[in-house]
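To keep things clear, I will list the structure first and then write my remarks on it.
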Amino acid sequence: MGFWLWRLFFAAFAEILLFHSFCSSEPAPNYSFLHQATSAPPLSYYDYIIIGGGTAGCPLAATLSHNSTVLLLERGGSPYGNPNITNLSSFGRALSDLSPSSPSQRFVSEDGVINARARVLGGGSCINAGFYTRASSRYVAGVGWDSRLVNESYRWAEKVVAFQPPMRQWQTAVRDGLLQTGVSPYNGFTYDHLIGTKVGGTIFDGEGRRHTAADLLEYANPKGITVMLHASVHKILFTTTGRKRPSAHGVIFRDASGNNHIAYLNDGEKNEVILSAGAIGSPQLLMLSGVGPMDHLKAHNITVVLDQPSVGQGMADNPMNAIYIPSPAPVEVSLIQVVGITSYGSYIEAASGENFAGGSTQRDFGIFSPRIGQFSTLPPKQRTPEALAKAIAAMEALDPIVFNGGFILEKVRGPLSQGHLNLINTNPNDNPSVTFNYFQHPQDLQRCVEGLRVIERVIQSRPMAPFRYDYLSLPILLNMTASSPINLLPHHANVSTSLEQYCKDTVMTIWHYHGGCQMGRVVDSDYRVTGIDALRVIDGSTFRDSPGTNPQATVMMLGRYMGVKILKERFGN
């Protein structure tokens with residue numbers, strides 16, 4: 001089989017769910033409080049101004065709206081009516097859309113790994129693979145959260161967005177293979193994080209429709225909330241008048257027409273600006289507003305409000321590595337459903353798809369598509385329109401049978417390796433420079449190797465026998481996967497001889513990056529920015545480790561959890 005075939009096996013990962021049937025996009029809910037930022041007044045006042053209508057910002061705003069006035073500013077548009085977001089059949093298309101209006105904004109870390117950040121109401125829950133699972137009780141205790149309120153907050157979100165997925169042949173075989181290889185006990189279907197093998201939740205319902213954090217706005221008090229779309233916040237405003245230290249008192253945001261608007265906090269000591277712009281956006285906007293490392297801010301001619309060297313530090317992304325298994329037997333289309341939670345810090349998950357081109361008039365291979373210039377083995381000058389057209393034609397000419405199969409992947413817990421974020425310029429709409437330092441810590445690399453060994457045993461297990469070709473040995477599967485253009489790193493020949501090298505060469509993101517405004521370094525245990533009044537950060541940028549196997553449930557929970565706590569602080573019990 002040729003080089004392009006190997007590329008295509010892995011290119012199909014981001015387009016893994018193309019049904020033959022068509023799921024209609026979900027109609028927009030009747031949110032009377034959704035507005036385009038172009039309709040915003042030049043000057044407005046609120047009790048709370050939340051920057052970022054993402055996975056944490058939506059539940060936070062919905063909760064605070066019941067006893068206060070809330071302005072929620074989202075730089076992207078609405079997810080409703082967009083089939084590339086709503087339909088499970090279209091997973092991957094939003095990630096490969098590089099247009100300015102895309103709900104996904106692509107970036108490439110300094111490590112050479114292709115990544116994405118959300119740009120849409122609902123945040124990452126609009127573009128991810130949909131797996132829903134809680135953090136462990138140990139994680140909750142380590143952060144210092146109130147476990148009772150945590151569980152109440154999880155259930156609050158789950159009533160709207162979480163579902164039990166169907167279990168069909170591929171996912172069942174992976175589940176049984178994990179159990180046969182010793183990833184036990186079997187914990188059945190559960191949202192809880194438990195050692196062993198389980199079936200987790202999903203935010204896709206039984207009809208293949210995605211339910212996002214934006215759906216949690218149905219809990220909001222319409223009279224207490226205003227949501228502005230395409231509202232790009234350029235700066236948090238601070239005052240020092242009559243104060244010993246800076247206090248946030250408003251924001252400047254820009255609408256789609258380029259007009260500036262100012263929103264101020266109402267008078268009152270309990271009113272706050274809250275950053276929920278995510279692990280990229282929150283540290284970036286703090287720096288742009290003058291809160292960050294002094295020398296770095298001065299280098300960009302930014303007036304320093306507070307010298308805070310830890311802003312942008314502790315950036316981490318859980319490395320993900322996978323093996324593709326072509327299958328002689330038909331497999332269902334599935335995203336992450338089964339997970340093996342090992343005791344040594346590696347999480348094993350799986351996804352599959354039959355005829356990834358299923359019924360589509362145009363094959364689109366998501367973030368690994370040559371349509372978005374994924375020629376990791378070609379020098380930039382050779383990535384011409386002609387080369388692109390040739391690559392697309394080669395892919396479209398392939399026999400659909402090559403797309404029949406699935407992936408088994410492993411994700412490293414933590415991770416222990418950390419990096420940093422720096423500004424490139426002062427435009428909040430541009431990506432900053434991000435370095436994650438994948439596998440810098442030797443324990444991360446060891447966990448990857450151990451996870452791959454589990455995957456190898458699963459592939460060779462009896463339940464997986466119908467889904468593998470006898471002539472495709474493990475070394476062939478490893479080298480096949482490694483030859484694909486999955487990142488911009490140099491690849492080594494015959495990586496099957498070293499799982500350590502395989503981990504390094506084939507590292508990808510599973511979009512679980514976090515840090516930059518870590519608790520204990522930038523914010524305190526109540527998520528207040530240290531050294532500044534009336535400013536909090538409530539999102540995944542505060543995490544030191546990624547919670548559970550997949551973080552979105554915990555980020556939603558955090559928004560609700562902190563909303564309840566803030567209201568209790570404001571009004572008492």
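Please state the shape class of the stretch 126-191: rounded when a/c is under 1.5, otherwise prolate if a/b exceeds b/c and oblate if not, all from the C-alpha gyration tensor.
Taking the square roots of the gyration eigenvalues as a ≥ b ≥ c, the stretch 126-191 is oblate.
Report for the stretch 45-127 the percent antiparallel among DSSP-assigned beta bridges with both residues inside it, nearest 5.
50 percent
For the stretch 166-241, max minus min Cα coordinate along each principal axis, in Å, sorted largest first?
Per principal axis, max minus min of the Cα coordinates gives 65, 36, 22 Å.
Please give the peptides 282-294, 37-49 ranked by average Cβ packing (other Cβ atoms within 10 Å per residue), highest first, as a rough proxy for protection.
Averaged packing, sorted descending, gives the order 282-294, 37-49.
Take the Cα atoms of the stretch 424-532, build their convex hull, and give its volume per residue in Å³.
For the stretch 424-532, the hull spanned by Cα atoms encloses 186 Å³ per residue.
Jot down the radius of gyration and Dmax of the stretch 206-293, Cα atoms only, both in angstrom.
According to the Cα coordinates of the stretch 206-293, Rg and Dmax are 16.1, 57 Å.
Taking the chain as the reference, fit the longest principal axis to its C-alpha atoms, fit the long axis of helix 442-459 to the helix C-alpha atoms, and give the angle between the two in degrees, 0 to 90, nearest 10.
With both axes taken from Cα atoms, the answer is about 40 degrees.
Could you give the distance between the Cα centres of the stretch 286-350 and the stretch 106-181, to the whole Å?
If we compute the Cα centre of each part, the gap is 14 Å.
Can you pull the percent of the chain's accessible area that's carbon plus sulfur, 1.4 Å probe, other chains left in place?
50 percent
Let me check something: with ligands and nucleic acids excluded, how do T549, T240 order by accessible area (1.4 Å probe), largest to smallest?
T240, T549
Given the convex hull over the Cα atoms of the stretch 258-341, what projected area results after averaging over all orientations, in nm²?
That works out to 12.3 nm².
Averaging sequence separations of C-alpha pairs under 8 Å and six or more residues apart, then dividing by the length of the stretch 475-539, give the relative contact order as a whole percent.
Relative contact order of the stretch 475-539: 20 percent.
How charged is the neighbourhood of R117? Take every other residue with its Cβ under 14 Å from the Cβ of R117, and add Lys/Arg as +1 and Asp/Glu as -1.
Summing Lys and Arg as +1 and Asp and Glu as -1 gives -2.
Pull up the DSSP beta bridges for the chain and report the antiparallel fraction as a percent, rounded to 5.
The answer is about 65 percent antiparallel.
Which entries of K270/K298; K159/K411; K198/K411; K411/K504; K235/K568; K223/K568 show an alpha-carbon separation above 22 angstrom in the structure shown?
The answer is K270/K298; K159/K411; K235/K568.
Sort I476, I424, I127 from largest to smallest accessible area, using a 1.4 Å probe on the heavy atoms of the protein chains.
I424, I476, I127
Taking the convex hull of the alpha carbon atoms in the stretch 137-270, what volume per residue do you get, in Å³?
So the per-residue Cα hull volume is 222 Å³.
What percent does the relative contact order of the stretch 417-572 come to when contacts are Cα pairs within less than 8 Å and at least six residues apart?
14 percent
Write out the chymotrypsin sites (Phe, Trp or Tyr not before Pro) in the stretch 468-504 meeting two conditions: DSSP loop, and at most 11 other Cβ atoms within 10 Å of their Cβ.
Sites meeting the loop and neighbour criteria: Y471.
How high is the relative contact order of the chain, in percent, counting Cα pairs under 8 Å that sit 6 or more residues apart?
24 percent
For Q443, what is the net charge nearby, where nearby means another residue's Cβ is under 14 Å from its Cβ and Lys, Arg count +1, Asp, Glu -1?
So the surrounding residues net to -2.
Add +1 for every Lys or Arg and -1 for every Asp or Glu among the other residues with Cβ under 11 Å from the Cβ of H249, and state the total.
Once positives and negatives cancel, what remains is -2.
What FRET efficiency, computed as 1/(1 + (r/R0)^6) with R0 = 51 Å and r the Cβ-Cβ distance, is obtained for A493 and E207, rounded to the nearest 0.05?
Once the sixth-power term is evaluated, E becomes 0.65.
Can you give me the Cα centroid spacing of the stretch 542-556 and the stretch 407-459 in angstrom?
Each part reduced to its Cα centre gives a spacing of 15 Å.
Considering every pair of different Cα atoms, what Kirkwood radius, in Å, is found for the chain?
Across the chain, the inverse of the average 1/r is 24.0 Å.
The values are calculated or read from the model by the stated rules, or taken from the named source; none is laboratory data. All of these numbers come straight from a predicted model, not from anything done at the bench. Cβ: placed from backbone, ideal geometry, glycine included. Neighbour counts: every protein chain shown. The area values use the complete protein model at the heavy-atom level, side chains included, leaving out ligands, DNA and RNA. Shrake-Rupley method; radii C 1.70, N 1.55, O 1.52, S 1.80 Å.
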